[in-house]
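Worksheet: one structure, shown below.
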Amino acid sequence: MHKSNNANELFLGIDGGGSKSKAIIMNKSNEVLGTGIAGPGNPMHGFDQATNAITQSATLALIDAKLSHLNLCQLNAGVGLAGVNLPSLFDKMQAWQHPFKQMYLTTDLHIACLGAHQKEDGAVIISGTGSCGFSYIDTQTFIIGGHGFPQGDQASGAWFGFKAVEHVLLSLDGLIDVSLMNNLLLTKLGCKNSTALVEAIAGKDATYFAQLAHIVFDAADKGDKVAITIIQEGAEYIDSIARTLWNKKPARLSMIGGLTASLTPWLNTEVQTWLSAPKSAPEVGAVFFARNEAFKKHNNTTHK
């Protein structure tokens with residue numbers, strides 16, 4: 001199949017989350033020509049870090065697509081970011097002197113929903129570095145959760161990692177029983193006591209704690225009751241999000257994010273039956289969003 005490399009027919013799609021930014025370049029035939037991955041793209045955790053990661057992931061996608069004759073300034077980009085559901089961060093990102101021809105900005109939730117349901121109405125539950133629920137039905141958006149770590153984001157990677165650390169510290173103080181998580185966490189971080197552990201985690205962000213989430217699931221797989229209780233608490237939260245979204249009668253409901261495979265088996269049996277596999281990735285949803293916005297902009301211009 002011939003792959004067009006006409007810049008006017010190519011779109012960048014970027015999904016900027018708490019752990020990484022992923023960019024793709026797609027042509028008008030919906031072929032993915034190239035991909036690129038860089039660091040965290042959530043401006044809540046640092047504006048410069050986010051903008052650098054967005055630019056780097058896009059540049060890497062351009063290289064991967066073997067389109068070195070093109071520059072980012074020739075491409076329209078759909079950019080969906082964690083954190084920009086807060087108006088102040090949306091405005092700051094919108095004011096960014098970006099390197100693209102046009103940047104169409106929205107939330108990571110919106111592009112996840114567009115990708116999961118191939119531009120059709122639906123709802124998504126996200127459990128990655130952060131967590132939340134989102135629906136897009138009859139042009140109406142609805143968000144539940146997504147309040148950020150540590151004040152929210154229950155059942156997210158950051159939350160599970162933090163829960164592991166919290167329990168281990170309490171057990172090292174002799175206040176609660178030791179669990180299998182103790183050895184797993186202390187070995188991973190190379191710590192021998194609570195002081196060393198506190199030094200290791202001091203000032204760390206959501207991305208750091210999300211990298212510790214697997215410790216809870218590893219311990220639960222070995223039958224650790226404390227870890228199982230933590231997972232059950234997280235699963236109940238996801239269940240409640242699912243029920244709230246399902247009551248809005250979406251055509252489809254998908255769960256996405258790095259913890260989906262690990263967490264889904266712990267969900268309520270009925271909730272599991274509601275879930276449909278996402279049709280496309282969030283970065284593909286970002287391309288759908290950008291195309292639609294560019295089309296609307298073109299129409300508005302020609303009809304004036």
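Within the range 124-166, restricting attention to residues that are farther than 20 Å from Phe289 by Cβ and hydroxyl-bearing (Ser, Thr, Tyr), which residue is farthest from the chain's Cα centre (by Cα)?
Residue satisfying both the conditions and the ranking: Ser156.
Go through (1) over 22 Å from Ser131 (Cβ atoms); (2) touching a residue at least 12 places away in the same chain (Cβ under 8 Å) and name the single condition Gln94 misses.
All conditions are met except number (2).
Taking the range 174-203 on its own, how many of its residues are among the acidic types (Asp, Glu) and over 17 Å from Phe162 (Cβ atoms)?
Within the range 174-203, residues that are among the acidic types (Asp, Glu) and over 17 Å from Phe162 (Cβ atoms) number 1.
Looking at Ala261, Ala251, Ala290, can you tell me which residue is in the same structural domain as Val216 (by TED's automatic domain parsing), small (Gly, Ala, Ser) and over 28 Å from Gly161 (Cα atoms)?
Selected residue: Ala251, the only one of Ala261, Ala251, Ala290 that is in the same structural domain as Val216 (by TED's automatic domain parsing), small (Gly, Ala, Ser) and over 28 Å from Gly161 (Cα atoms).
Which of (1) buried (at least 24 other Cβ atoms within 10 Å of the Cβ); (2) small (Gly, Ala, Ser); (3) in the same structural domain as Glu293 (by TED's automatic domain parsing) is the odd one out, the single condition Gly161 does not satisfy?
The failed condition is (3).
Here are some conditions: (1) hydrophobic (A, V, I, L, M, F, W, C); (2) outside the structural domain of Ile24 (by TED's automatic domain parsing); (3) more than 14 Å from the chain's Cα centre (by Cα). Met103 meets all but one. Which one does it not meet?
Status for Met103: all satisfied but (2).
Need the failing condition index for Leu70 against (1) out of contact with any Pro (no Cβ under 9 Å at 6 or more places or on another chain); (2) closer than 25 Å to Ala206 by Cα; (3) modelled with pLDDT under 95; (4) of a type in the set (A, V, I, L, M, F, W, C), just the number.
If we test Leu70 against (1) out of contact with any Pro (no Cβ under 9 Å at 6 or more places or on another chain); (2) closer than 25 Å to Ala206 by Cα; (3) modelled with pLDDT under 95; (4) of a type in the set (A, V, I, L, M, F, W, C), just (2) comes out false.
One residue is enough: does the range 277-291 have a residue meeting the conditions out of contact with any Gly (no Cβ under 6 Å at 6 or more places or on another chain), over 17 Å from Trp159 (Cα atoms) and polar (S, T, N, Q)?
No, the range 277-291 contains no residue that is out of contact with any Gly (no Cβ under 6 Å at 6 or more places or on another chain), over 17 Å from Trp159 (Cα atoms) and polar (S, T, N, Q).
The values are calculated or read from the model by the stated rules, or taken from the named source; none is laboratory data. Every value quoted in this text rests on a predicted model; they were computed, and no experiment measured them. Methodologically, a virtual Cβ is constructed for each residue, glycine included, from the backbone with ideal geometry; neighbour enumeration extends over all protein chains shown.
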